[in-house]
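No value in this document is a laboratory result; all are computed from the given coordinates. Treat the numbers as computed from the prediction; the structure is a model and nothing was measured. Cβ sites come from the backbone with ideal geometry, for glycine too, and all protein chains shown count toward neighbours.
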Amino acid sequence: MGDVRERDVVVVGAGMAGLCALVQLREAGLTAVALERGDGVGGTWFWNRYPGARCDVPSLEYSFGFSEELQQEWEWSEVFPGQVELERYLNHVADRFDIRRDIQLSTSVVSATFDEGAARWTVATENGDYWRARHLIMATGGLSEPLRPNFPGLEDFGGRVVRTSEWPREGIDVSGLRVGVIGTGSSGIQCVPELARDAGALTVFQRTATYTWPSYNGPLDPEVQRETKLTYSDLRKAQRELPGGTTSLTGAIIIQMAEDKAILTSTEGQRSEALEKLGWGASRVWTDTIRNRDANEMACDLYREMVKRTVDDPVTAEALSPKDFPIGCKRPVIDSGWFETFNQSHVSLVDLRSDPIIGFETEGIRTESGLVSLDVVVLATGFDAMTGALLRIDIRGRDGISLIDAWSNGPASYLGLQVAGFPNLYTVTGPGSPSVLANMVVGIEHHIEWIIQCITDLDSQGMQTIEPKQEAQDEWVKHVREVAEGTMFTDDSCNSWYLGVNVPGKERIFLPYAGGINNYIAKVDAITAAGYEGFTLT
Ligand code: NA7
């Protein structure tokens, strides 16, 4: 082993969670380093720089609340922040709090091993560096390990292939080019209208149609921003008291969209009225669609009616209408002109259900019905969510047990924060925590606060390690499963990345905690107040 550098804490990742951790670790008087794979900070907002990349939580709420000065001085320009603005914001955070000196960029962590005798983690990087620390914070992000589907003949393609999650900094000029996009999740749906603007021809290859709602994004009213800032701490408090961690009604959190109305008992007249008044929103305002599949199907009908009204070509409209799974099973997407884009004459859809991809050829993509000639192919094919980035690293806890083995039956954790057998290892917004089901920034800040409080408490009590008791972890895993049961998240027809089914071979397990971040925070607070109930401190 070469040079080994020592800190109190090693943080893996310098995205939102890593930056938040560094600022607060420094304030708590702890030494830390963040090891970051990218050559810049920002995590998700560093990598996903494809045209149209935008957050689905409003900017005033998708921002840090840990510093009053920061939230007062930063000015957001749009209701929903785009990637460029978010990356600029996160760079500002790094500069403002002078944390760049604690960040080592272009550094991929390959392994982390717990030394029981010394109660230290040793972290090895691809560059051959070693770091030792008492605590290891995995701030690796929930959607940071891209899926790389193996399309036959991909290497033979004569054009350019680019992933939305690895979009080049200098951008790609698609002016006049024939562009193909594979994948119609958030990333595909966001980039298609933007690419269509310049492309000579655009072909979208869709395997599953998506429920997506217009974001109605636009410039942020300066008066709204000013007023929000007058009582920002109230807003931050309110976020933690709501299931989705946001007060926004247009955000991604479907559970908050429900008014006090059941669709099952509604009249046809009421449903038509909802369509006329609310348009796309008509499919999201009912209380009984979250747990009742029949109710949900009625809301889906309203949704499909809107697709029909928006897309000119009936065959394309039919193919773009989601059918076999309920609203709310997958993460709702917000878009800027997705359906309208298909009314442009140079944009076409290939429905892979009826016309599957056979493979790539030099000229383009061959489907059963023929060859689509292409210059550029954009892969918007998603991520190995929530566990991919953790399991890519060879993490070994007590007795050399690997996280891969510990999670061979699915990711088990206590509170989504710690794993039995892996002392002083923390998974920020890990599986088993609300994470992707709530405003991520609220989840991140809450976890970082908890971790730093925990380290401080250990130090003041003369303790070296903390880890969950097996029974407490088992109970939590059971609770996470029970909370999601009976919701659309776990409906048999649901094939979401929340369930891991988009990854070949990944066990079908619902990964995040669906009980609401408000309830989650209350539970964590109670456990902490009871002297870290369910944890072993040594
Ligand atoms: P998603 O939501 O996982 O979407 C990936 C898309 O790629 C989805 O439409 C997939 O179809 C499609 N896909 C994946 N593999 C293939 C293959 N082999 N052939 C054809 N199509 C394929 O990822 P995103 O990046 O869009 O969004 C992830 C999250 O980021 C999003 O939920 C927001 O939270 C932000 P499928 O549906 O599996 O049939």
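Between D3 and Q104, the distance separating the two model label sites (each 7 Å from Cα on the Cα→Cβ line) works out to 0.9 nm. Note on region 164-303: semi-axes of the ellipsoid equivalent to its C-alpha gyration tensor, largest first and rounded to whole Å, are 32, 25, 14. The convex hull of the Cα atoms of region 113-240, projected and averaged over all directions, covers 15.2 nm². Do any cysteines in the chain lack another Cys Cβ under 4.7 Å, and if so which? Lone cysteines by the Cβ rule: C20, C55, C191, C300, C454. Positive-end ranking of L19, M306, L403 along the dipole of the chain, with charges on Cβ about the Cα centre, is headed by L403.
In this Cβ point-charge picture (+1 for Lys and Arg, -1 for Asp and Glu), the chain has a dipole of about 360 debye about its Cα centre.
Size of region 372-463: Rg and Dmax of its alpha carbons, in Å, are 17.2, 67.
For E223 and D115, the difference between the fully extended length at 0.36 nm per residue and the C-alpha to C-alpha distance is 33.4 nm. Averaging the sequence gap over all C-alpha pairs within less than 8 Å and six or more residues apart, then dividing by the number of residues, gives the chain a relative contact order of 19 percent. The residues S408, S165, when put in order of fewest to most other Cβ atoms within 10 Å, stand as S408, S165.
Of the beta bridges DSSP finds with both residues in region 65-212, what % are antiparallel, to the nearest 5?
70
Taking every DSSP helix (H) stretch of at least 4 residues in the chain, weighting each as -39,500 (n - 2.57) and dividing the sum by the residue count yields a mean residue ellipticity at 222 nm of -9000 deg cm²/dmol.
Treat the count of other C-beta atoms within 10 Å as a stand-in for reagent exposure and order L278, L415 from fewest to most.
L278, L415
The angle between the Cα long axis of helix 16-27 and the longest principal axis of the Cα atoms of the chain comes to about 30 degrees, rounded to the nearest 10. Sorted from longest to shortest, the spans of the Cα atoms of the chain along the three principal axes equal 69, 56, 47 Å. Averaging 1/r over every pair of different alpha carbons in region 294-409 and inverting the result gives a Kirkwood radius of 18.3 Å. Taking the inverse of the average 1/r across all pairs of different Cα atoms in region 271-314, what Kirkwood radius in Å do you get? Evaluated on region 271-314, it is 10.7 Å. Measuring against 26 Å, Cα to Cα, the residue pairs K261/K330; K478/K523; K261/K523; K229/K330; K323/K523 contain K261/K523; K229/K330; K323/K523 as the ones spanning a longer distance. Considering only Y130, P322, S435, and ranking their Cα positions along the charge dipole of the chain that arises from unit charges at the beta-carbon of Lys, Arg, Asp and Glu, the one farthest toward the positive end is Y130. Against the main long axis of the alpha-carbon atoms of the chain, helix 293-310 sits at an angle near 60°. Relative to one another, the C-alpha centroids of region 432-488 and region 192-250 are positioned 27 Å apart.
Take every DSSP beta bridge whose two residues both sit in the chain, then give the antiparallel share in percent to the nearest 5.
Antiparallel bridges: around 40 percent, rounded to the nearest 5.
Ratio of Rg to Rh for region 280-345: 0.98 [Cα atoms; Kirkwood radius as inverse mean 1/r over pairs].
For region 304-423, calculate the relative contact order in percent as a whole number, restricting contacts to Cα pairs under 8 Å that are 6 or more residues apart. Relative contact order, region 304-423: 12 percent.
What the Cβ-Cβ distance of A238 and H92 gives, at R0 = 22 Å and to the nearest 0.05, is a FRET efficiency of 0.35.
For the chain, the longest principal axis of the alpha carbon atoms and the long axis of helix 83-96 meet at an angle near 20°. When you restrict to C-alpha pairs under 8 Å that are six or more residues apart and normalise by the size of region 88-247, the relative contact order lands at 10 percent. A simple charge model with +1 on the Cβ of Lys and Arg, -1 on the Cβ of Asp and Glu and nothing else charged puts the dipole of region 41-90 at about 320 debye relative to its Cα centre.
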